[in-house]
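Structure first, then comments.
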Amino acid sequence: MLLRYFYDEKLAHASYMVGCQKKGEAVIVDPMRNIELYIQAAEKENMKITGALETHIHADFVAGSRELADRFGATMYISDEGDENWKYENLDGINHVLLKDGDTFGLGKLTFEVMHTPGHTPESISFLLTDGAAADKPIGIFTGDFVFAGDVGRPDLLEKAAGMTGTAETGAKMMYQSIERFKQLPDYMQVWPAHGAGSACGKALGAVPSTTVGYEKQFNWAMQFDNEIDFTQALLDGQPEPPYYFAVMKAVNKSGMDLVKNLPELKFITSVREVEKLIAEGHHVVDTRDSQSFSKGHIKGTINVPFNNSFTNWMGWITDYKKILYLLANPSRMEEMLIALRSIGIDQVLGYAEAKAMIEQSEVLDSYENVSPKEAKKMIDTEDISVIDVRNLSEFNEGHIEGAKHIMVGTLKNRLDEVPNKKLIVQCQAGGRSAIAASILKANGFHNLVNMTGGYGQWVKEVK
């Protein structure tokens, strides 16, 4: 048996290649949209990709199953559990197998058994894997967003992100029953989840790539309950805000979207005048430089989302999927950026310009000031000023600057009417999110502001 692990740090997403070396065939479990890494691995191992397994209709990234089906004629193995709202669509012409609890299918000496594990979503399934060449019992289970290292999948996404009222509590009760069933599995079995630390699909995910059933039964907080009521309350409490794009991903993965090969090619923009014209026309123009450089000088109306491991998440929060997007970037990193954006379905990227060249061409640059916590405290004491705290609600509730108004950065674009019309101090926990928020405010006409570097963490050390 061949098992390979792939991890997208920007999405905290794990996928897997499982192959039978004797047969020379492999399947991909919960594939990402960028399938090139799988192709490279298959070629290296002299494998043919024949299948794509999905544990559920994902909300946080575009699944690559349809890309694999188009490129290789791979069969999609997908859930047929859940009600009519949770059935895959637009499968005509695609080889696919609909799966229910207890179904099995093979790949050479390998056998996959389906286990219905609802809770995170109603149609969620897990795959138990048996290597028939070596054993007659399963070696492990691909749990998707059901069980993580140290956590379990959140059940509230349908309600919070997709607006399906009442589904959070129902999902939590389903999760309790699924966990009780999980506890019956042998302790030795390995657990291969679809996410690690940093994913918004849970609230306490561990940073290790895999675990075991026995370890999770002993140390996973969600496995310690013996009654449904207490479990439900604990599971729903403290879940982070789900990014806006999660609702889009649910629809995309259910119905499918354009194949990458059919997306338009990018236009390279060489004139700052054209960039300014695009902004005036209402298009998204995102500057991907670091926040320090952006604060010192940027084209008025641009929003700053630095290209780092948080880039994909924040672009999913702030992007209007109905608008065309242009980037100011380092051209050598454009391919990486496109992969990141397309991984969450941001396909309307029509052009880019070299950020450095555009800044050099611009005759008038906008900017904002960065201040330390000590400087911010002095401003609060001597000026008529408002503090905008853009952290998650759970962080805010744990401690905040007295009098601060909480508007989570991802929701800011839709809550501008709540921003006081006075001088602002924008802050987060360490300074990164507040820099994004400052750029959003600047782009929307709030120019009388400063960004507090070091955030609340430094405030506690220097001031509190």
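The values are calculated or read from the model by the stated rules, or taken from the named source; none is laboratory data. These numbers come from a predicted model, not from an experiment. We place every Cβ from the backbone using ideal geometry, glycine too, and count neighbours over all the protein chains shown.
If you check GLU67, GLU25 for being in contact with a helix residue (DSSP H, G or I) (Cβ under 7 Å, 6 or more places away or on another chain) and not aliphatic (A, V, I, L, M), only one passes: GLU67. Is there a residue being farther than 29 Å from LYS323 by Cα and either crowded, with 18+ Cβ neighbours inside 10 Å or polar (S, T, N, Q) (or both) anywhere in segment 433-451? Checked segment 433-451: no residue is farther than 29 Å from LYS323 by Cα and either crowded, with 18+ Cβ neighbours inside 10 Å or polar (S, T, N, Q) (or both). Sub-9 Å Cβ pairs linking a first residue in segment 406-429 that is free of Cβ contacts under 8 Å to residues at least 12 places away in the same chain to a second residue that is crowded, with 16+ Cβ neighbours inside 10 Å, at least 6 apart or interchain, are ASN414/TYR244; ARG415/ILE407; ARG415/MET408; ASN421/PHE446, ordered by first then second residue.
Scan segment 165-183 and report the pairs whose first residue is outside the structural domain of SER124 (by TED's automatic domain parsing) and whose second residue is surrounded by fewer than 17 Cβ atoms within 10 Å (Cβ to Cβ), with Cβ atoms within less than 6 Å and a gap of 6+ or a chain change. Here the result reads none, with nothing in segment 165-183 linked to a residue that is surrounded by fewer than 17 Cβ atoms within 10 Å (Cβ to Cβ). Evaluated against (1) exposed (fewer than 14 other Cβ atoms within 10 Å of the Cβ); (2) part of a loop (DSSP other than H, G, I, E, B); (3) not assigned by TED's automatic domain parsing to the domain that holds PHE61, GLY301 falls short on exactly one condition, (1).
The residues of segment 98-122 that are closer than 17 Å to LYS254 by Cβ and surrounded by fewer than 20 Cβ atoms within 10 Å (Cβ to Cβ) amount to a single one, LEU98.
What do you reckon, is VAL260 over 25 Å from the mean Cα position of the chain (by Cα), surrounded by 14 or more Cβ atoms within 10 Å (Cβ to Cβ), more than 20 Å from GLU159 (Cβ to Cβ) and modelled with pLDDT of 95 or more? For VAL260, the condition - over 25 Å from the mean Cα position of the chain (by Cα), surrounded by 14 or more Cβ atoms within 10 Å (Cβ to Cβ), more than 20 Å from GLU159 (Cβ to Cβ) and modelled with pLDDT of 95 or more - is not met. Determine whether segment 398-409 contains at least one residue that is in the same structural domain as ASN451 (by TED's automatic domain parsing), within 30 Å of ASN34 (Cβ to Cβ) and part of a helix (DSSP H, G or I). Looking for residues that are in the same structural domain as ASN451 (by TED's automatic domain parsing), within 30 Å of ASN34 (Cβ to Cβ) and part of a helix (DSSP H, G or I), one finds at least one in segment 398-409, hence yes.
The listed residues are GLU180, GLU216, and the only one of them that is under 20 Å from THR55 (Cα atoms) and surrounded by fewer than 15 Cβ atoms within 10 Å (Cβ to Cβ) turns out to be GLU180.
Return yes when ALA234 is in the same structural domain as GLU9 (by TED's automatic domain parsing), closer than 18 Å to ASP145 by Cα, surrounded by fewer than 17 Cβ atoms within 10 Å (Cβ to Cβ) and without any contact (Cβ under 8 Å) to a residue 24 or more places away in the chain and no when it is not. For ALA234, the condition - in the same structural domain as GLU9 (by TED's automatic domain parsing), closer than 18 Å to ASP145 by Cα, surrounded by fewer than 17 Cβ atoms within 10 Å (Cβ to Cβ) and without any contact (Cβ under 8 Å) to a residue 24 or more places away in the chain - is met. Kindly establish whether ASN34 is under 18 Å from ASN262 (Cα atoms), polar (S, T, N, Q) and modelled with pLDDT of 95 or more. It is true that ASN34 is under 18 Å from ASN262 (Cα atoms), polar (S, T, N, Q) and modelled with pLDDT of 95 or more. Of everything listed in (1) of a type in the set (A, V, I, L, M); (2) farther than 20 Å from VAL305 by Cβ; (3) surrounded by 15 or more Cβ atoms within 10 Å (Cβ to Cβ), the single unmet condition for VAL460 is (3). Of all residues in segment 56-75, which are of a type outside the set (A, V, I, L, M, F, W, C) and out of contact with any Ser or Thr (no Cβ under 6 Å at 6 or more places or on another chain)? Of everything in segment 56-75, those that are of a type outside the set (A, V, I, L, M, F, W, C) and out of contact with any Ser or Thr (no Cβ under 6 Å at 6 or more places or on another chain) turn out to be HIS58, ASP60, GLY64, SER65, ARG66, GLU67, ASP70, ARG71, GLY73, THR75. Taken over segment 150-177, the residue count meeting the criterion of being surrounded by fewer than 20 Cβ atoms within 10 Å (Cβ to Cβ), of a type in the set (Lys, Arg) and closer than 15 Å to GLU241 by Cα is 1.
Just one of the listed residues (ALA204, ALA194) is in contact with a strand residue (DSSP E or B) (Cβ under 6 Å, 6 or more places away or on another chain) and either under 20 Å from ASP101 (Cβ atoms) or of a type in the set (D, E, K, R) (or both), and it is ALA194. Can you run down the residue pairs with Cβ atoms below 8 Å, 6 or more apart or on separate chains, where the first is in segment 340-367 and among the β-branched types (Val, Ile, Thr) and the partner is at pLDDT 95 or above and in a strand (DSSP E or B)? The qualifying pairs are ILE346/LEU325; VAL349/LEU325; VAL349/TYR326; VAL349/LEU327; ILE359/HIS298. Consider ASN421 carefully, then state whether it is in a loop (DSSP other than H, G, I, E, B) and out of contact with any helix residue (DSSP H, G or I) (no Cβ under 8 Å at 6 or more places or on another chain). Against the criterion (in a loop (DSSP other than H, G, I, E, B) and out of contact with any helix residue (DSSP H, G or I) (no Cβ under 8 Å at 6 or more places or on another chain)), ASN421 qualifies. Scan segment 336-350 and give yes if some residue there is over 20 Å from the mean Cα position of the chain (by Cα), at pLDDT 95 or above and either surrounded by 15 or more Cβ atoms within 10 Å (Cβ to Cβ) or not acidic (Asp, Glu) (or both), otherwise no. There is at least one residue in segment 336-350 that is over 20 Å from the mean Cα position of the chain (by Cα), at pLDDT 95 or above and either surrounded by 15 or more Cβ atoms within 10 Å (Cβ to Cβ) or not acidic (Asp, Glu) (or both). The residues in segment 183-204 that are buried (at least 22 other Cβ atoms within 10 Å of the Cβ) and of a type in the set (A, V, I, L, M, F, W, C) can be counted, and the count is 5.
The single condition from (1) part of a strand (DSSP E or B); (2) more than 21 Å from ILE125 (Cβ to Cβ) that ALA42 fails is (1).
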